[in-house]
Amino acid sequence: MLMDRFARRFTYLRLSVTENCNFRCDYCLPNGPDCTSRQAELTVPEIRRLVTAFAELGTRKVRITGGEPCLRKDLLEIIKTVKAVPGIEEVAITTNGYRLQRDLPAWREAGVDAINVSVDSLDPSTFHLVTGQNRLPAILEGIDQAIELGIPKVKVNTVLLRGYNGGALPEFQEFIRQRAVSLRFIELMRTNDNVVYYQRHHISGQSIKEQLLSDAWSLCEKGTTSGPAQEFKHPDYQGKLGLIMPYSRDFCDDCNRLRVSSLGQLYLCLFTEHHQDMRSYLQTDDAEPLKRALQSFVLEKKASHALLDNVSGSTRHLAMIGG
């Protein structure tokens, strides 16, 4: 079992398969990606060896992230490969939804159990301003398609942005009234390239939490492989509302996830100063050296990030390791 010095067990792997993205979200990649990283992306055999080692150490959930995962031409093979690893119980994918309608049936057949779709506004013009894409209606139709296909977990990610969606809680609540989805508001996080943007647009999720509790929303219990969201339910709504608040004091207390970049680098935290290169361990099917390395690396994980001290580590942008 992967366990750190603070008795936190790591059952959840966030695996980036590319830094490339076809959206230009102004809080992440407003000028587009640096595509040079694509030349050294993890291969499918390397992904199989990586996930196998994690699974043998107790990881049960793998989230495939990017960048935008659908830009990998071998994404279906990646999904099938991860799903086939003994011990992996849930394969999730995070996407901007650009090709959701076209690709979702194939993803489901390949083994996807959960899907997260990024939707930062329900207003088409605001969505276009944030993302640089004019695809909101098709993306919302894709979310409804995911529900109809019976995907067990369908989630929507919304980055809270002052001036864009800070006052749109009623619209988001109406969106989940008749949809069995979990919509999660994510506080904008400071990275090395967005300091000014962060200062201008950051909104705390605490005020939303207080409003939900005052309106008879109740906090849901977390599962062992759940992410960091605090989720709330209400008897009048089919869906749930969640909050991811990395600036809250106790955010890291129940951390259960590790991150691997598309280049095979282990990040013990989204905002760490350092990473461990695991590529050399992925050239053979012998998992034991990698497992020993992982058990050693995880003991270096700190109790908390340092975002409250304005330290965001070496993270250049959120597309680098999937947020």
Output wanted: per-residue J couplings in Hz (rounded whole) for region 59-71, from phi through Karplus 6.51 cos²θ - 1.76 cosθ + 1.60, θ = phi - 60°, x for Gly and Pro. 5, 10, 10, 10, 9, 8, 10, x, x, 10, x, 5, 7
Given contacts defined as C-alpha pairs under 8 Å and at least six residues apart, what's the relative contact order of region 207-269, whole-number percent? 21 percent
Given N residues in region 80-163, what is its alpha carbon radius of gyration divided by 2.2 N^0.38 Å? 1.18
For SER280 and ASP254, calculate 0.36 nm times their separation in residues minus their Cα-Cα distance, and state this gained length in nm to one decimal. 6.3 nm
Unit charges on C-beta of K, R, D, E only; dipole of the chain, Debye: 300 debye
Go ahead and set up a Gaussian network model of the chain, Cα springs under 10 Å, then flag whichever of GLU56, GLU288, GLU89 fluctuates most. GLU288
Under 26 Å Cα to Cα from LYS209, which lysines show up? Leave out anything in the same chain fewer than 8 places away. LYS153, LYS155, LYS222, LYS233, LYS240
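Using +1 on the beta carbon of Lys and Arg, -1 on that of Asp and Glu, and nothing else charged, what's the dipole of region 88-141 about the Cα centre, debye to 20? Each step should come with its number before you reach the end.
Numbers: 4 positive and 8 negative charges, 56 e Å.
Computed charge dipole of region 88-141: roughly 280 debye.
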Around GLU300, under 10 Å between beta carbons, what's the net of Lys plus Arg minus Asp minus Glu among the other residues? +2
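Can you tell me, using C-alpha contacts under 8 Å and at least 6 residues apart, the relative contact order of the chain as a whole percent? Could the numbers behind the result be given before it?
Working: 650 pairs, mean separation 72.8, N = 323.
Once divided by the residue count of the chain, the mean separation gives 23 percent.
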Using θ = phi - 60° and the Karplus relation 6.51 cos²θ - 1.76 cosθ + 1.60, list the HN-Hα couplings for region 44-53 in order, rounded to whole Hz, with x at every Gly or Pro. 4, x, 5, 4, 4, 5, 4, 5, 4, 4
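At 0.36 nm per residue, minus the direct Cα-Cα distance, what do SER218 and ASN192 gain on full extension? Give it in nm, one decimal, please. Let's see the in-between values first.
Working: separation 26, 0.36 × 26 = 9.36 nm, distance 3.57 nm.
The SER218-ASN192 span can extend by a further 5.8 nm.
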Amide H within-cut-off set for SER182, under 5 Å, with H built and near neighbours excluded: VAL154, LYS155, VAL156, LYS240
Spread of Cα-to-Cα distances over 10 Å intervals beginning at zero, given as percent, for region 127-270: 10, 35, 38, 16, 1
Rounded to the nearest 10 degrees, what's the angle between the helix 136-148 long axis and the longest principal axis of the chain, both from Cα atoms, 0 to 90? 70 degrees
For region 93-110 and region 1-31, write down the distance between their C-alpha centroids in whole Å. 19 Å
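Within the chain, what percent of beta bridges assigned by DSSP are antiparallel, to the nearest 5? Don't skip to the answer; put the middle values down first.
On the way: 10 of 43 bridges.
So the antiparallel bridges amount to about 25 percent of the total.
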Starting from the Cα gyration tensor of the chain, take the square roots of the eigenvalues, sort them a ≥ b ≥ c, and report rounded, prolate or oblate (rounded when a/c is under 1.5, otherwise prolate if a/b is larger than b/c, else oblate). rounded
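FYI, it's all coordinate maths here, none of it is from the lab. Source: prediction; values computed, not measured. Every residue, glycine among them, receives a Cβ derived from its backbone with ideal geometry; neighbour counts consider all protein chains shown.
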